[in-house]
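Readers should treat all values here as calculations from the given coordinates under stated rules, not as data from a laboratory. Computed from a prediction, not measured in an experiment: that's the story for all the values here. Backbone-built Cβ (ideal geometry, glycine too); neighbour counts: all protein chains shown.
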């Protein structure tokens, strides 16, 4: 279907590893670590950890590389993905699709780093004699956008029902904007690429309408589940689309990645079309003439210009209007604290007045006056600690938002994470899923001390599923995973549900083979931890 069916995958993969080794030596030199030659991704990750310890924290590493907090987090995450996919490689070995994608994604990250830090001079060219095929990239991006529209229209064939559904999900104001920008009778044509992608990968929408196409596919196995993989791939495509609409050519690494993304996303849809389960035909969408392609791109540019560009990441879920308009949990908590302290103040004043009235008859001042001082001192101390933590983060150039805390957790920056928690920020168990495999993660251990600030509703189903899939791929149920399971998943309802899952897996084991036996063992191991 695309150019990605090529016999040179192994050659390109080894070129990627060579680029990464060369880049590692230069990057580490900027961080005061000198190496004669680069080695495998695990070695690079270990050396970065040494640099973090030498410089004090990840923020110092990021400053050396001219990266902000979020970019530093993405850099380490991409390297960690590569290390997981390529624990060791010998020249001539077979290369899987996921290994190739992991290598290309990190080389693309190295391209971005080189633009940020002019002191780096390593080459990221896959082939110095080849030009990136821009026209093919434009066709693929158009096909992916029309494919998403087709799948959504398949789920909602009636336009009036689709409009009502979109208003429920996004609010009437957004839908009115989309209708204004859309072609007549097709509200989806007025949506941005990221908005279409969000409608596809939202947890509820995906499970209800699209899992049947993507879930059983052999592709989309790069991350823990197809939906998460689809989200990550579509967000990269969004950035490539923005570049092309701005007349910025893609690099050969980016077009090669786009090839892989297109195959991974389009293959299950193409199979569903061949089996008569959908009318969306990716091959037909890809076969477009130049005039139709130019018309599509011109319309996309006009739409981007009207809204200031497609600048938002493809998130994992839709923020429903009722959630957006409601007070946040922190705001509600501050309101309650204010009311409680107001009540305490009234009680103290009442007691003080009573004390003054009795003063003429008693020489000893009443005890509640001391209570007032103690309460005021405690309140002042708590406020000071919270304010100091936020001031320290501000002085480090770190924004006070959830994304910054999540980034600190994912790169194991316990100092920054602790400041956020001391400042009163809440956290979610789902932010830990990428790093729970590391049994020596200090930040995850520290988070358990701030258990009351964990505000994710019902985190166990997701956590158990994530851990189960990780174990199925050969990872262990390490001590840290056990601690998290015991901390959040020992309620009677969760234990009962996991026992049921274990029994179902054991029944399937009797009629199955090695895979069913392995899965039954995983479910039993998790149940033993939380029972």
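Key figures
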quantity: Residue 506/residue 158 FRET efficiency (R0 45 Å; Cβ-Cβ; nearest 0.05); calculated: 0.50
quantity: Relative contact order (percent, whole number), region 429-530, Cα cutoff 8 Å, 6+ residue spacing; calculated: 30 percent
quantity: Computed over region 134-322: relative contact order in percent, which uses C-alpha pairs under 8 Å that are six or more apart; calculated: 36 percent
quantity: Principal axis dimensions, region 437-531 - Cα atoms, whole angstrom, descending; calculated: 44, 28, 18
quantity: Label point 7 Å beyond Cα of residue 292 along Cβ direction - residues of region 132-159 with amide nitrogen under 11 Å; calculated: 143
quantity: Percent RCO, i.e. relative contact order, over region 9-116, from Cα pairs under 8 Å lying at least 6 residues apart; calculated: 33 percent
quantity: Cα Rg over Rh - region 35-93, Kirkwood; calculated: 1.03
